[in-house]
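Notes follow once the structure below has been shown.
The values are calculated or read from the model by the stated rules, or taken from the named source; none is laboratory data. Bear in mind the structure is a predicted one, so any value in this text is a computation, not a measurement. With ideal geometry, Cβ positions are generated from the backbone for all residues, glycine too; neighbour counts draw on all protein chains shown.
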Amino acid sequence: MKSSKPVIIGYDAISALGIDLDGQWQRALRGESGIGPLSRFPLTHDFPVRIAGQLADIDHLPYPFLSARHQASWSSPVFKYSMLSVARALERSGLEISPELAPRVAVTYSSAIGGLDAVLHADRRLQAENKLPPPYANPNSCINMVGGKIAILTGAQGPIVSPITACATGLTSMITGAMFLAQDRADVAICGAVDFALVEPIVAGFYTMNGVYNPKDGQEEEAPQAASRPFSLNRRGFVLSEGAGAVILASRKFAESHGLPFSTELAGWGMTSDAHHFVAPYFQTIKKCMQDAIEDAGISPADIAAINGHAASTRVGDKVEYDALRALFGNSMPPVSANKSLIGHAMGASSVIESIFAIQGMKEDVLLPTINYLPDPEIEIDCVANTKRQLPQEYVLKNSFGFGGCNSCAVLKRVN
């Protein structure tokens, strides 16, 4: 009997490693970092955050939705980068959304932060120049407008929602798309997330929360590329980044009947709420989320070949994730790859970009390195330190945890 689980027919990502997926992948395999100086806005001499993972400009690319007129109205970068990721994911899939197919195509693409930059710009203009906001200021700030613009771009007319689970948003989008397919409300789901959080008050706010990378007092200045170090003894918080990623899910029946190739299945998923603390992760519910995903896939922990960790580089978060993994897998914990060491933390987009890296790794039997690693005696983990590793993988567990206690985990399965 064939599996009824959804399959992944196309994907694309844009990260601090570059705008071309193949180029990003090659840089990741080499263990290169996408982190550099923060230049998204002018820095005062005392601004506390100086590094970030920024995306390169895409205005030179030949896509019709990136016209100057379009960008003048939809000024927040969340729109052009999300639409680019979707357009390229659809190209990779070979799917053309015809009027006949459109009512059965769902959109769950979302964002954790959305277009707050547009609201901030309008407010500053209002205060400084007494000019009313431009007519597109409010639409730019609506998080669900990201999915709306993607629906307009693609013609998708099925269910459309914008799931928001903070840093887990991208993976939650994929899980929500899988739900629509399982309920036979759609044949295809356009999933993913985008975030451009490098806006002054957001960046500074993460600093005052003691979440973003903060060097030790008196420590010599480090290279930006060395700052993101998940599971490492000297981890000092996450490096804030930008990013976008799209994953096209389809029912296996639809993919096969339309001749759409696929190599990966979303075999199982789990979602839990910590109900504990607004930012600190909770051991019990994180463990249950991972366990639920594995059980939903109909396998045991022993079947998992590798783990793509959430691994944000925070002292508390990395330790709790490790504790939950140790409790679930015991002394047989699989190797754990922490992609944020390479690309930083792209907020809601991070989990979909990392899922794409995991999918690519499954296809090529390789695990990406976790760079900048210094062993922590309290975290006895095989984190694929510093260099890539060849490893066949039938099942991979992807973890993602967000503020508010929003946990999403998924099991990816290689099917051919």
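Every condition in (1) surrounded by fewer than 21 Cβ atoms within 10 Å (Cβ to Cβ); (2) farther than 26 Å from S82 by Cβ; (3) of a type in the set (D, E, K, R) holds for R185 except the one numbered (2). Annotation: P281 fulfils all but one of (1) in a loop (DSSP other than H, G, I, E, B); (2) within 20 Å of S351 (Cβ to Cβ); (3) at pLDDT 95 or above; the unmet one is (3). Within the range 68-80, not a single residue is among the aromatic types (F, W, Y) and in contact with a strand residue (DSSP E or B) (Cβ under 6 Å, 6 or more places away or on another chain). When G115, G158 are checked against the criterion of being small (G, A, S), in contact with a helix residue (DSSP H, G or I) (Cβ under 8 Å, 6 or more places away or on another chain) and closer than 30 Å to V203 by Cα, G115 stands alone in meeting it.
Looking across the range 116-136, the residues that are surrounded by 20 or more Cβ atoms within 10 Å (Cβ to Cβ) and either without any contact (Cβ under 8 Å) to a residue 60 or more places away in the chain or β-branched (V, I, T) (or both) come down to A118, A122. Looking at V366, is it within 23 Å of I294 (Cα to Cα), surrounded by fewer than 24 Cβ atoms within 10 Å (Cβ to Cβ) and touching an Asp or Glu at 6+ places or on another chain (Cβ under 6 Å)? It is false that V366 is within 23 Å of I294 (Cα to Cα), surrounded by fewer than 24 Cβ atoms within 10 Å (Cβ to Cβ) and touching an Asp or Glu at 6+ places or on another chain (Cβ under 6 Å). The residue that is nearest to G170 (Cα to Cα), counting only those in the range 251-291 that are crowded, with 18+ Cβ neighbours inside 10 Å and of a type in the set (D, E), is E265. For the range 33-57, filtering for residues that are surrounded by fewer than 16 Cβ atoms within 10 Å (Cβ to Cβ) and either in a loop (DSSP other than H, G, I, E, B) or of a type in the set (A, V, I, L, M) (or both) leaves 12. Of the residues screened, A106 is one that is on the phi < 0 side of the Ramachandran plot, of a type in the set (A, V, I, L, M, F, W, C) and surrounded by 16 or more Cβ atoms within 10 Å (Cβ to Cβ).
Residue by residue, here is whether (1) within 17 Å of F65 (Cβ to Cβ); (2) assigned to a loop (DSSP other than H, G, I, E, B) holds:
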{"residue": "L120", "(1), (2)": "no, no"}
{"residue": "D123", "(1), (2)": "no, no"}
{"residue": "Q127", "(1), (2)": "no, no"}
{"residue": "K131", "(1), (2)": "no, yes"}
{"residue": "P134", "(1), (2)": "no, yes"}
{"residue": "N138", "(1), (2)": "no, no"}
{"residue": "L153", "(1), (2)": "yes, no"}
{"residue": "A156", "(1), (2)": "yes, yes"}
